[in-house]
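Colleague: Just passing along the structure, written as structure tokens.
The values are calculated or read from the model by the stated rules, or taken from the named source; none is laboratory data. Just so it is clear, the structure is predicted and the values come from calculations on it, not from any experiment. No Cβ is skipped: glycine too gets one built from the backbone with ideal geometry, and neighbour counts run over all protein chains shown. Surface accessibility is based on the protein's heavy atoms, side chains included, excluding ligands, DNA and RNA. Shrake-Rupley method; radii C 1.70, N 1.55, O 1.52, S 1.80 Å.
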Amino acid sequence: MARRAPQGTQAIQRALSLYRSFTPEQPEHRLTDLAAAHGLHPSTAHRLLGVLEAEGLVGRNPDTQGYLWLPESGYGGGERPVRRNGMRLLEPLRTPFHRRTEALCESDAWRDWSGYTCALNYEPQPDYEYWAVRNTAALIDVSPLFKYEITGVDAERLLDRVMTRDFTKCRVGRVMYTSWCNEDGHLLQDGNVQRLERERFLVSAAEPCLRWLEDCGLGMDALVRDVSTDLGVLALQGPRARAIAEAAIQGVDFAGMRYFDLAGGELGDAAGEDRGVPVTVTRTGYTGDLGYEFWVASEDAEALWDSLTVAGADHGLRPAGLLALDMVRVEAGLVLIDVDYVSAAHAEIEVLKVTPAEAGLGFTVKLDKEADFTGRRALERERERGPAWAMVGLEVDWFELERLWEEIDLRPQVVGEPASREPTPVFAPGGEQVGQCTTRFFSPLLKKYIGLATVQADAAALGTALELEVAVGYGRRRAGARVVKRPFFNPARKTAVGSASGGHG
Amino acid sequence: MTEGAVGTTGTGSGGPERGSGHFDAIVVGAGHNGLVSAAYLARAGLDVVVLERAPVIGGATLSEEAFPGFRYSVFSYLVSLLRPEVIHELDLVKHGLFLVPTASTLNPLPNGDCLFRESDPQRTYHHIARHSRRDAEALSEYKLEMRRMGHLMFKLQRAAPDELAAAVAGHVGEEPDRAGSEVSAEVADIARYFLDLPKERMRSFLQMLTMSSADFLGQWFECDVLKAALSSSSIIGSFLSPRTPGSAYVLLHHYMGEVDGVYREWGFQKGGTGGVAAAIASAARGYGAEIRTDCPVARVLARDGRACGVVLANGDELTADVVVSSAAPQVSLATLLDAGDVPGGAGEALLDRAARWQSTGCAGKVNLALDGLPRFECMPDTGPHLAGGITIAPGLDYVDRAYDDAKYGGFSKRPFIDMIIPSVLDPDMAPPGKCVVSCFVQYAPYELAGTTWDEQRDAFGDAVVRTLAEYAPGIEDQVLHRQVRVPPDIESIAGIPGGNIFHGELRLSQLFLLRPDPAAAAFRTPLPGYYLCGSSTQFGGGISGGPGRLAALRILDDLKRRGAEAR
């Protein structure tokens, strides 16, 4: 006796049978033919084919308007999409989480990040996603990061030569946040380096650096391998991150993990289906909150996503897009390459280049380390004369904003906007320009208009009064601001160890 | 301590024994406005004590774990009006202010449809257009007009028209009667501003003060469902129907939160509304204010025509240079004052007016602990619409009938309900998988005809759950615990006479310079040294902190002037 299919599966069966009509021998069909062959009303067939088209399984022949088989989509037989040389020409790149993020991205708002299509905001407004990071927990797909595995006897020596931090002090199971510079001491990038084993590291960076790492390691016994597409990376950030991680991942002592610790674990979801999938966990993130980043093989990405989503259902977990990320990272006082500073690798003119100290990353430069790292001599000279610029936190005076908008008979129109990345001049009070504000927004959490600014070193002391140019109506005005401590928001839970997740404030 | 010390340093700072001592200022009541006042006074260097009759601070901003694992915001449940200057000047975020926005409003309808509004106006257009394209288009114009009206209100608040208050009050206090003298530049500015308003704006403003919200909204919209949805803010906390003249003003009062630069939306305080009071108290203590609970005040002490302290219920006396009360006028004026202490023989009349202040509570709170999220027939999934407000007000007739029940002394059989699900906004409010629901319910009159609340409390709770079940079938089976609070509870727990959440109806007869009394406008009372700072003062009502701040600034100003005169 044939098993009766459960209700609601009819559409799936019809779609599959439609898809099976496409063969290498007959890769193209007309809608009417397909509908007739399957006994479907043309509008039903059209709807089902539309889904197949949206899924990338079939396409349209622009000349005939017929439906075309897209064999390279590679669905079926349990296989994942296979792409020619890792990418299909003319098609945006997808992260390994894309099928999950796409299903959730109701806003259809996407942004290109390093060539990958990433959700800008999942819902029409980024508000709830932003608050999830500070109030509950958020999942953020950060897979577009470039990832390089460095192995070999000289792996540590290579990193110690390239990086400004001291990698002889980086123990296995730790992550180091570091800068790296060119010979002139100008900042190329900042990023995290994981020490997975004694002779195995993983560098994650916003921009490519395979060539730079290889060239710096010339003659060393160290292999640099680009594993960017091999790994999916998912950030779980927010006060509830630990509770969710503990429910989703086995074999990791989350309560005992310190900030910038690294641990290996495996998925341990309740269903048990994905049990045993290995995951690397780092207690890192780009939000300044309690959080973790999970590093998995790309083929396991969806299993990781599903495990965390199930575990987070009762904790207010939401996916968060890049707009929300850009807001929280400003509150955390974290700089962004090519927004808050220009990498020396592609600064067209000399004045755009900065040293780590000038980009607010002076704490990553260890001049007391032994190795002769790239840029060292220049940075030593800088230490003697002092950096010319400084990255500062700016807080714009609320009452100044009220005053300026009052002149055009409005309340300050600065609330509810995502972070602005348009560089804006910063002035000495009533005087000359002393720098520029590169990211700014009104923090719904702090109820303050804050920004990251690069200013002349003599205008960088905490409490220094400055002025920020603001657009009031169509006019350009100056609002009083002052230099404040970065990070703007730094909850105890970010670094707390033990069961307490810490309050905020 | 930005303002420098004002007045004299009290002798109470050395840790006076409970129930005695001298302070620069005594604040009666530790609701949010009393605490704001205390914080500003202490911030200016004054030695301040806050005296609260209840065992806990917060007044109507109160949270409690009434059922294990579930936290209720017992009375007030959302914050939108909190003044930005209060947040900034008292650094309230540092002290724990944490407001999660509720960005949408869902109005379920009996036919299984709904009206949904989001923060994105373009998307909201399409939601409304399903019901009426004309109204969808009108909504943005309406909101613009309301923002302009709200801005006018800010102008009024900013102007702090001393002279006008003095003119209305015919002041007998330390502020000499300035009526007849030349008006200040401030008053001239505000007068100019009003005179220069476009005619249609002036007309709108006057309409707002006098019309019913149903009529006012009727000028804009054709769709009953939308009018009912928008009229919600015109009745919340007021014993009015949307068809009662004067209700349009309440619309505007609630709209001011949306106009303001800091919020423009309603926010939920993480951990419950009690967190707002806790943050303000923390700021006040940080500036050195002392807060005493379980410390009811019996009356205000006066000597030589000036307030000089208070007598506590236990008979102890505390002395102070100024006394400021955050209580409603029935308490602040009618109870705490001795008519004979009011100079000029105006005491009896003043106390009499205060006792007759219109402040009848009309709203109840039903807080529910549920086994899981409610499923609304109109949007049965558990999407982000559950993070917003959910209002049961499917039509103007529906709300008007609910009002009719109450008009004759009953609670609404099918009430107006303004609901939020705090645990969706803040999972700390309930155990994982469970949820708490906060229902603000109208109408529930303070006094029931022919019966008592003790007898009707459960029936009222049942009516609420039954009404919700019409839109969220099955919710009645999800209830694990129910807390029903009615106006007499608000009165006894929060200490607000009549249980009116605004400390008095927001109607023209009780607004502006008439709030709470023509002789006690602009925060001063006829008894020099005795001030008012609660929701029943100018621009009061809602968690704004505005009255608390303005009263404190008035006091500091008076102390400074007094100090100058003494020198």
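Colleague: Keeping all protein chains in the complex and leaving out DNA, RNA and ligands, what accessible area do you get for B:E377 with a 1.4 Å probe, in Å² to the nearest 10?
Modeller: Approximately 110 Å² of B:E377 is accessible to the 1.4 Å probe.
Colleague: Past the 19 Å Cα-Cα mark, which pairs from A:K448/B:K155; B:K94/B:K434; A:K494/B:K94? The partial results should precede the final answer.
Modeller: Values: A:K448/B:K155 23 Å; B:K94/B:K434 30 Å; A:K494/B:K94 17 Å.
Table pairs above 19 Å Cα-Cα are A:K448/B:K155; B:K94/B:K434.
Colleague: Then there's this: With everything on Cα atoms, drop me the angle between helix B:546-566 and the longest principal axis of chain B, reported from 0 to 90° to the nearest 10.
Modeller: Its long axis makes an angle of about 10 degrees.
Colleague: Whenever you get a sec, compute what percent of the accessible area on chain B sits on carbon and sulfur atoms (1.4 Å probe).
Modeller: Details: 10060 of 19990 Å².
The computed percentage sits at 50.
Colleague: Could you point to the residue in A:L70, A:P24, A:A45 farthest towards the positive end of the stretch A:10-73's charge dipole, with +1 and -1 charges on the Cβ of Lys/Arg and Asp/Glu respectively?
Modeller: Going by the charge dipole, the pick is A:A45.
Colleague: Per DSSP helix of 4 or more residues, -39500 (n - 2.57); summed, then divided by the residues of chain A. What does that give at 222 nm, rounded to the nearest 500? If you can, show how the numbers build up before the last one.
Modeller: Working: 12 runs with 111 residues, N = 505.
Result for chain A, helices only: -6500 deg cm²/dmol.
Colleague: So in chain B, what percent of DSSP beta bridges are antiparallel if you round to the nearest 5? If you can, show how the numbers build up before the last one.
Modeller: Working: 46 of 65 bridges.
Percentage antiparallel, nearest 5: 70.
Colleague: Now a separate question. At 7 Å along Cα-to-Cβ for each site, give me the label-to-label distance between B:R567 and B:T452 in nm.
Modeller: If labels sit at B:R567 and B:T452, their model points lie 6.0 nm apart.
Colleague: Same structure again: At 1.4 Å probe size, put A:K369, B:K199, B:K434 in order of accessible surface, largest to smallest. Numbers along the way, then the final one.
Modeller: Numbers: A:K369 5, B:K199 150, B:K434 80 Å².
Ranked from most to least accessible, the order is B:K199, B:K434, A:K369.
Colleague: Further question: With all protein chains present and a 1.4 Å probe, how do B:E222, A:E302, A:E25 order by accessible area, largest first?
Modeller: Working: B:E222 110, A:E302 20, A:E25 155 Å².
Greatest to least solvent exposure: A:E25, B:E222, A:E302.
Colleague: If you don't mind, there's one more thing I want to ask. Tell me, which residues of the stretch A:311-325 get at least 40 Å² less accessible area when the other protein chains come in, versus the chain alone (1.4 Å probe)?
Modeller: Relative to the lone chain, where solvent access is computed with a 1.4 Å probe, the stretch A:311-325 loses at least 40 Å² at A:D314.
Colleague: Keeping every protein chain present and rolling a 1.4 Å probe, give me the accessible area per residue for the protein assembly as shown in Å².
Modeller: Working: 42610 Å² over 1072 residues.
The answer is 40 Å² per residue.
Colleague: Further, regarding this structure: Roughly how big is the stretch A:256-321's charge dipole about its Cα centre, with Cβ charges of +1 (Lys, Arg) and -1 (Asp, Glu), in debye to the nearest 20?
Modeller: Details: 4 positive and 12 negative charges, 70 e Å.
My answer is approximately 340 debye.
Colleague: Among the lysines, which fall within straight-line cross-link reach of B:K143, defined as a Cα-Cα distance under 16 Å, with same-chain neighbours fewer than 8 residues apart omitted?
Modeller: By straight Cα distance, B:K143 reaches B:K227.
Colleague: To continue, here is another question. Considering protein heavy atoms only and a 1.4 Å probe radius, which residues within the stretch B:94-119 exhibit an accessible-area decrease of no less than 20 Å² in the full assembly relative to the chain by itself?
Modeller: At a threshold of 20 Å² (probe 1.4 Å), the residues of the stretch B:94-119 that become less exposed are B:F98, B:L99, B:V100, B:P101, B:A103, B:S119.
Colleague: Looking at B:L152, B:I420, B:A42, which one has the Cα that reaches farthest to the positive end of the dipole of the protein assembly as shown (charges on Cβ: Lys, Arg +1; Asp, Glu -1)?
Modeller: B:I420
Colleague: 7 Å from Cα along Cα→Cβ at both A:R421 and B:K94: what's the point-to-point distance in nm?
Modeller: Those two pseudo-labels are separated by 3.3 nm.
Colleague: Could you tell me the accessible area of A:R240 in Å² (1.4 Å probe, neighbours in place), rounded to the nearest ten?
Modeller: A:R240 exposes around 40 Å² with every protein chain in place.
Colleague: Shifting gears a bit: What FRET efficiency would be calculated for the residue pair B:E186, B:S509, taking the C-beta separation as r and a Förster radius of 30 Å, to the nearest 0.05? Let's see the in-between values first.
Modeller: Working: r = 26 Å, r/R0 = 0.87.
It comes out at approximately 0.70.
Colleague: To the nearest 20 debye, what charge dipole does the stretch B:291-331 have about its Cα centre, counting +1 at the Cβ of each Lys and Arg and -1 at the Cβ of each Asp and Glu? Walk me through the numbers before you get to the answer.
Modeller: Numbers: 4 positive and 5 negative charges, 22 e Å.
I would put it at about 100 debye.
Colleague: Contour minus end-to-end for A:E53 and A:L446, with contour as 0.36 nm per residue of separation and end-to-end as the Cα-Cα distance? Don't skip to the answer; put the middle values down first.
Modeller: Details: separation 393, 0.36 × 393 = 141.48 nm, distance 4.52 nm.
Extra length available between A:E53 and A:L446 comes to 137.0 nm.
Colleague: What FRET efficiency comes out for the pair A:D63/A:A11, r = Cβ-Cβ distance, R0 = 30 Å, nearest 0.05?
Modeller: 0.50
Colleague: Among rounded, prolate and oblate, which fits the stretch B:323-456 when a ≥ b ≥ c are the square roots of the eigenvalues of its C-alpha gyration tensor, a/c under 1.5 means rounded, and a/b larger than b/c means prolate? Spell out each step's value before the answer.
Modeller: Details: a/c = 3.12, a/b = 1.96, b/c = 1.59.
The shape class here is prolate.
Colleague: Now, a different point. Given a 1.4 angstrom probe, I'd like the percentage of the accessible area of chain A that is carbon and sulfur, rounded to a whole number. Could you put the intermediate results ahead of the total?
Modeller: Working: 11570 of 22620 Å².
Taking all protein chains in place, chain A shows 51 percent carbon and sulfur surface.
Colleague: Could you report the buried accessible area between B and A, both sides summed, computed with a 1.4 Å probe and given in Å² to the nearest 100?
Modeller: Details: alone 21450 and 24180 Å², together 42610 Å².
The summed interface area works out to 3000 Å².
Colleague: I'd like the distance between the alpha-carbon centres of the stretch A:37-54 and the stretch A:329-377, rounded to an integer number of Å.
Modeller: Cα centroid to Cα centroid, the span is 55 Å.
Colleague: For a Förster distance of 51 Å, can you work out the FRET efficiency between the beta-carbons of A:D253 and B:A346, rounded to the nearest 0.05? Let's see the in-between values first.
Modeller: Working: r = 73 Å, r/R0 = 1.43.
Using R0 = 51 Å, I get an efficiency of 0.10.
Colleague: Name the lysines eligible as straight-distance cross-link partners of A:K366: C-alpha to C-alpha under 23 Å, and not fewer than 8 places from it in the same chain.
Modeller: Correct list for A:K366: A:K169, A:K353, A:K485.
Colleague: Measuring from centroid to centroid over Cα atoms, what is the spacing of the stretch B:500-559 and the stretch A:381-405 in Å?
Modeller: Each part's Cα centre sits 41 Å from the other's.
Colleague: About the Cα centre, and with charges only on the beta carbon of Lys, Arg (+1) and Asp, Glu (-1), how big is the dipole of the protein assembly as shown? Nearest 20 debye, please.
Modeller: Details: 109 positive and 141 negative charges, 73 e Å.
Roughly 340 debye, rounded to the nearest 20.
Colleague: While we're on this one: Alpha carbon centre of the stretch A:285-328 versus the stretch A:134-194: separation in Å?
Modeller: 21
Colleague: Using 0.36 nm times the number of residues separating B:R123 and B:D294, minus their current alpha carbon distance, what extension gain do you get?
Modeller: Details: separation 171, 0.36 × 171 = 61.56 nm, distance 5.03 nm.
Using 0.36 nm per residue and subtracting the Cα-Cα distance, I get 56.5 nm.
Colleague: Using helices alone, what [θ] at 222 nm do you get for chain B, with -39,500 (n - 2.57) per DSSP H run of 4 or more residues, divided over all residues and rounded to the nearest 500?
Modeller: Details: 18 runs with 202 residues, N = 567.
Calculated mean residue ellipticity at 222 nm is -11000 deg cm²/dmol.
Colleague: Of B:H131, B:G96, A:N182, whose Cα points farthest to the positive end of the dipole of the protein assembly as shown (charges on the beta-carbon: +1 Lys, Arg; -1 Asp, Glu; origin at the Cα centre)?
Modeller: B:H131
Colleague: Here's another thing I want to ask about it. Determine the shielding of peptide A:119-132 by partner chains: average, over its residues, the number of Cβ atoms on other chains within 10 angstrom of each Cβ. Don't jump to the answer; show the numbers that get you there.
Modeller: Working: counts 0, 0, 0, 1, 5, 8, 8, 0, 9, 10, 0, 1, 10, 1.
That average works out to 4.
Colleague: If I ignore ligands, DNA and RNA and count only protein heavy atoms, how much of A:L367 is accessible to a 1.4 Å probe, in Å² to the nearest 10?
Modeller: For A:L367, solvent-accessible area is about 30 Å².
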